[in-house]
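Heads up: the structure comes next, in structure tokens.
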Amino acid sequence: MAEKREILFVDFDGTLTRRDSLFMFLRHLRRFRGRRSGLNVRMMAVCAGYVLRLISSGEAKRRLLSIAAKGMSRDDFDRACMSFADELDAVANDELLSALRRHAKGGAEVVVVSASMSCWLRPWMERNADAITDLISTEVEVCGNPIESVRLTTPNCYGAQKVVRINSWLAERHPDAVRDEFRIVAYGDSRGDREMLAMADEAKWVKQ
């Protein structure tokens with residue numbers, strides 16, 4: 001029997017990093033723009049709306065990023081996303097990242113699956129292309145130049161939506177393959193990863 005191809009699906013925040021990247025990125029944007037790093041009143045109102053369950057997590061992230069990026073040129077926003085990779089390096093789970101490099105070197109596909117946004121994840125992923133094959137995340141589009149707002153172009157990649165996106169990725173990446181040809185390993189650290197972990201042949205809870 002042929003050896004199964006290995007695919008690793010890996011959560012980002014709290015799994016590949018020691019901290020959540022959303023608020024790190026919001027603070028980074030404000031510092032990049034020469035502003036105080038704390039949340040402003042509009043951002044705090046959005047956070048309160050989320051805590052009170054008046055808005056979804058995806059809508060909260062969209063509004064927070066829209067507030068933080070409003071008025072920036074697209075070039076400046078792109079530069080901020082690129083420079084944020086340095087901050088992500090500082091909070092990376094180096095032990096897990098090294099393990100992923102070994103798997104990738106052995107022929108495994110390693111896919112980050114995250115509810116965080118592609119605009120700040122992709123530059124870091126490309127920096128670590130020897131460990132990470134691809135990215136599945138919440139996709140966004142910035143509107144206007146200067147930026148007026150940000151909109152989500154995919155649903156928030158969280159919970160059951162991670163499995164939906166993984167299945168779409170598998171169908172696109174391996175259109176002629178069947179599920180039994182793969183050995184799927186999933187890494188996660190929170191309830192947002194439960195469905196992804198449940199669909200895997202091997203689930204790895206990461207606690208730091």
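Nearest 500 deg cm²/dmol is fine: what mean residue ellipticity at 222 nm does the chain get from its DSSP H runs of n ≥ 4 alone, each adding -39,500 (n - 2.57), divided by its residue count?
-14000 deg cm²/dmol, from helical runs alone.
State, in angstrom, two size descriptors of region 148-205 derived from its alpha carbons: Rg to one decimal place and Dmax to the nearest whole number.
Computed over the Cα atoms of region 148-205, radius of gyration and Dmax are 13.4, 46 Å.
Using only alpha carbon pairs under 8 Å that are at least six residues apart, calculate the relative contact order of region 55-156 and give it in whole percent.
Once divided by the residue count of region 55-156, the mean separation gives 35 percent.
For region 1-74, which GluC sites (Glu not before Pro) are in a loop by DSSP, counting at most 16 other Cβ atoms within 10 Å?
Glu3
Of all DSSP beta bridges in region 5-205, what percent run antiparallel (nearest 5)?
Close to 20 percent.
At 7 Å along Cα-to-Cβ for each site, give me the label-to-label distance between Asp89 and Ala198 in nm.
The answer from the label model is 3.9 nm.
Local charge sum around Asn167 (other residues, Cβ-Cβ under 14 Å, Lys/Arg +1, Asp/Glu -1)? Before the final figure, lay out each step's value.
Numbers: positive: Lys162, Arg165, Arg173, Arg179; negative: Glu172, Glu195.
Taking every other residue near Asn167 into account, the sum is +2.
If each of Arg19 and Cys143 carries a label point 7 Å out from its Cα toward its Cβ, how far apart are those two points in nm?
3.1
For Glu3 and Ala129 in one chain, what is 0.36 nm times their gap in residues minus the Cα-Cα distance, to one decimal in nm?
My answer for the length gained is 42.9 nm.
Which listed residue (Ser118, Ala203, Tyr50) has the Cα farthest towards the positive end of the charge dipole for the chain, taking +1 on Lys and Arg C-beta and -1 on Asp and Glu C-beta about the Cα centre?
Tyr50
For region 135-208, what does the relative contact order come out to in percent, with C-alpha contacts under 8 Å and a separation of six or more?
RCO, region 135-208: 24 percent.
Can you match Kirkwood radius over Cα pairs in Å to one of these, [x] 17.9; [y] 18.3; [z] 17.3, based on a calculation from the structure here?
Label of the calculated value: [x].
Which distance in nm do the two modelled labels at Ser57 and Ser98 give, with both placed 7 Å along the Cα-to-Cβ direction?
Here the answer is 3.0 nm between the modelled labels.
Given contacts defined as C-alpha pairs under 8 Å and at least six residues apart, what's the relative contact order of the chain, whole-number percent?
Across the chain, relative contact order equals 28 percent.
Leaving out same-chain residues fewer than 8 places away, which lysines sit with a Cα under 20 Å from that of Lys4?
Lys105, Lys204
For region 1-79, evaluate the Debye formula with one uniform point scatterer on each Cα (no solvent term) and list log10 I(q)/I(0) at q = 0.15, 0.20 Å⁻¹, rounded to two decimals.
-0.65, -0.99
Calculate, in nm to one decimal, what Asp176 and Arg42 gain on full extension: separation in residues at 0.36 nm each, minus their alpha carbon distance.
Gain on extension, Asp176 to Arg42, equals 43.4 nm.
Could you order the peptides 93-104, 65-76, 42-53 from most to least packed, using the average number of other C-beta atoms within 10 Å per residue?
Packing proxy ranking, top to bottom: 65-76, 93-104, 42-53.
Here, each number is a calculation from the coordinates, and none is a lab measurement. Predicted model only: the values in this text are computed from it and were never measured. Note: ideal-geometry Cβ built from the backbone for every residue, glycine included; neighbour counts use all protein chains shown.
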